[in-house]
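Written below as structure tokens is the structure these notes are about.
The values are calculated or read from the model by the stated rules, or taken from the named source; none is laboratory data. Values in this document were obtained by computation on a predicted structure and should not be read as measured data. Cβ sites come from the backbone with ideal geometry, for glycine too, and all protein chains shown count toward neighbours.
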Amino acid sequence: MADFRMPSLGADMEAGTLIKWLKQAGETVKRSDIIAEVDTDKGAIEIEVFEDGVIEEIVAQPGEKVPVGRTLARIRTAGIAPAPAPAPPREAAQVTAATAAGAPAGEPGPPSPRRAGAPPPAHVAASPAARRRATELGLDLRSIAGTGPHGAITLADVEGTAAAAAAPAPAPARQQAMRRAIASAMAKSKREIPHAYVTTTIDMFRAMAWLRAENERRSVGDRLLPAVLLLKAVATAVPDVPEVNGYWLEDRLQPTSTVHLGTAIALRGGGLISPAIHDVGQRDLGALMRGLADLVARARSGALRGSELTDATITVTNLGDQGVDGVLPIIYPPQVAIVGFGRIVERPWVVDGRIEPRPVLNASLSFDHRAVDGHRAGLFLASVDRRLQAPGVL
């Protein structure tokens, strides 16, 4: 049996509110299936399962705020026999008996003796399961509209009311919560990570000339943005300095061979999120452009997956479209490096002893000095530069 737990969807997350289950008890699931939606300060996030099996038990209910690491459901993995079905509770048996005797399905059955500490009976038509669930959630039955026979309140009515109460907060409140979460994460990063920085200026003449020629061959919908060249250059430079790609955990560097590139995306109305594009080094530029466009669209519409918020191994932030010349970004823990790019702008540049106008770009690397030293950080930016001088092989 495996516990499916509330994932940490970022270093600043402490809890999430379960919006709804997309799979139910008894259903078969496969690794990477999306099985639930969770509301966080960053919006509604789809979360995936990491085992093949059958959902044995749903532990958390829609509307519940669940701390990170707490069990949401239990999954019976291959080779494990199903647990015996529990005996039906007394109230459920009473409903069955009442229904068999001809009572409407939504009507309560004969009263059961009141248990010590149980809430007083409410003079509202509701099924025992609905009453029990309303008590668990702290809901007043009188505030719930019933859809059962003769207006009786059903379990579904209670769950629906709870889910509506847990709906995403209005935009201003969500933005404030996101700003608090970002502030907390960034303050923690600056306190705990010994930041160091290197910068360079990259001649983009060859890259931009190649991009113009390449886009002339492509249809309008398939054209590339300069940002795609930058992402691919960062990903392919990682093998030259692998220590920039990984996590600082348990007081040591834990590098990883795959490059899942976190991409800082500004949200409409304010706020920032950095979901990952997976396996960037293995994608061609067309596939990377489509992946970037899809990620931006889903980030701004609140349709990201949990793995996209947790898998980034190194992050890129690009403020060029904001007219910014350069940026020294803050590392997003537990990552150990983040690359910053400014705008591409024409500047006087010395070429073979002559001064020419050239498109240039300021690039920076903020790095965790526990994991990376300045010499190696400089080699990494130099590797990014070399790749942008040969855009045709990216």
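Of the residues Ile193, Ile153, Ile202, only one is modelled with pLDDT of 80 or more and more than 30 Å from Asp368 (Cβ to Cβ); which?
Numbers: Ile193 fails: more than 30 Å from Asp368 (Cβ to Cβ); Ile202 fails: more than 30 Å from Asp368 (Cβ to Cβ).
Every option except Ile153 fails the conditions.
Close Cβ contacts (under 6 Å, 6 or more residues apart or on different chains) running from residues in region 229-257 that are among the basic types (Lys, Arg) to residues that are part of a strand (DSSP E or B) are absent.
Just one of the numbered conditions (1) farther than 25 Å from Gly326 by Cα; (2) out of contact with any Phe, Trp or Tyr (no Cβ under 9 Å at 6 or more places or on another chain); (3) assigned to a strand (DSSP E or B) is not true of Thr199: (1).
Within region 23-41, residues that are within 15 Å of Ala303 (Cα to Cα) and in contact (Cβ under 8 Å) with a residue 60 or more places away in the chain sit with their Cβ atoms under 9 Å from residues that are outside any strand (DSSP E or B) and of a type in the set (Val, Ile, Thr), at 6+ positions apart or across chains, in these pairs: Ile34/Val49; Asp41/Ile182. Is it fair to say Asp368 is within 29 Å of Ser184 (Cβ to Cβ) and among the acidic types (Asp, Glu)? Considered against the rule, which asks whether it is within 29 Å of Ser184 (Cβ to Cβ) and among the acidic types (Asp, Glu), Asp368 comes out as yes. Considered as a group, the residues in region 33-44 that are within 30 Å of Arg179 (Cα to Cα) and in a loop (DSSP other than H, G, I, E, B) include one that is modelled with the lowest pLDDT, and that residue is Lys42. If you go through region 132-144 and keep only what is touching a Ser or Thr at 6+ places or on another chain (Cβ under 8 Å) and either of a type outside the set (Val, Ile, Thr) or outside any loop (DSSP other than H, G, I, E, B) (or both), you end up with Leu139, Ser143.
Confirm whether Met6 is modelled with pLDDT of 90 or more, aliphatic (A, V, I, L, M), surrounded by 21 or more Cβ atoms within 10 Å (Cβ to Cβ) and not assigned by TED's automatic domain parsing to the domain that holds Ala130.
Yes, satisfied.
Considering only helices (runs of 4 or more DSSP H) fully contained in region 277-394, which possess at least 1 residues that are modelled with pLDDT of 95 or more, acidic (Asp, Glu) and more than 17 Å from the chain's Cα centre (by Cα)?
Working: elements: 285-301, 306-310, 374-388.
Helices (runs of 4 or more DSSP H) meeting the threshold: 374-388.
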